[in-house]
Amino acid sequence: HTKYSNFTYTVTLSQPTAPETWTGLRGRVTEHLQKYFESQKFCLCGSAAMIKDVREILIKYGVEAKAIHFEVF
């Protein structure tokens, strides 16, 4: 969004309901994390298991826990 030029987001679906039309990232989000390690903050939304896995990986690669925000649903 142009209003927040320093904000980006990436949607990743492990199981798209319409795989023939989904053009975003596919698979587990943990498979795509490496290209985002340079980001300063992370906001995660999804299952508790996914958030746990992603937080562990981010912290392992030096992201501060306070820079990782999340919402479980």
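We did not get these values from a lab; they are worked out from the coordinates using the rules stated. None of the values given here were measured: they were computed from a predicted structure. So basically every Cβ, Gly included, is an ideal-geometry build from the backbone, and we count neighbours across all protein chains shown.
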Checklist line | Leading residue at positive end of dipole, the chain (Cβ point charges), from Phe70, Gln15, Leu25 | finding: Phe70
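Which value in deg cm²/dmol, rounded to the nearest 500, describes the helix-derived mean residue ellipticity at 222 nm for the chain, given -39,500 (n - 2.57) per DSSP H run of n ≥ 4 and division by the residue count?
Numbers: 1 runs with 13 residues, N = 73.
After summing the helix terms and dividing by residue count, I get -5500 deg cm²/dmol.
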Next item on the list: Could you work out the local net charge near Leu25, counting Lys and Arg as +1, Asp and Glu as -1, over the other residues with Cβ closer than 15 Å to its Cβ?
Entry: +2
Next item on the list: Report the full-extension gain for the segment Thr17 to Phe42: residue separation times 0.36 nm, less the Cα-Cα distance, to one decimal in nm.
Entry: 6.4 nm
Margin query: Just to check I understand the Karplus step: with θ = phi - 60° and J = 6.51 cos²θ - 1.76 cosθ + 1.60, what whole-Hz values come out for the range 50-60, glycine and proline as x?
Written below: 5, 4, 4, 4, 5, 4, 4, 5, 4, 5, 4
Checklist line | Added length on full extension, which subtracts the Cα-Cα distance from 0.36 nm per residue, Ala67 to Thr8 | finding: 19.7 nm
Notebook entry, point to check: Counting alpha carbon pairs within less than 8 Å and at least 6 residues apart, what relative contact order, in whole percent, applies to the chain?
Noted result: 26 percent
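Highest mean first, what order results for 57-67, 17-27 on Cβ atoms within 10 Å? Each step should come with its number before you reach the end.
Working: 57-67: 12.2, 17-27: 9.4.
Packing proxy ranking, top to bottom: 57-67, 17-27.
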Next item on the list: Using the Cα centre as the reference, give the magnitude of the dipole from point charges on the C-beta atoms of the chain (Lys, Arg: +1; Asp, Glu: -1; all else neutral), rounded to the nearest 20 debye.
Entry: 140 debye
Item checked: Note, ³J(HN,Hα) from phi for the range 3-11, Karplus 6.51, -1.76, 1.60, rounded to Hz, x at Gly and Pro -> 5, 10, 5, 9, 10, 9, 9, 9, 8
Margin query: 5 Å is the cut-off here: which amide hydrogens, built 1.01 Å from N in the peptide plane, fall below it relative to Ser14, excluding neighbours closer than 5 in sequence?
Written below: Gly27
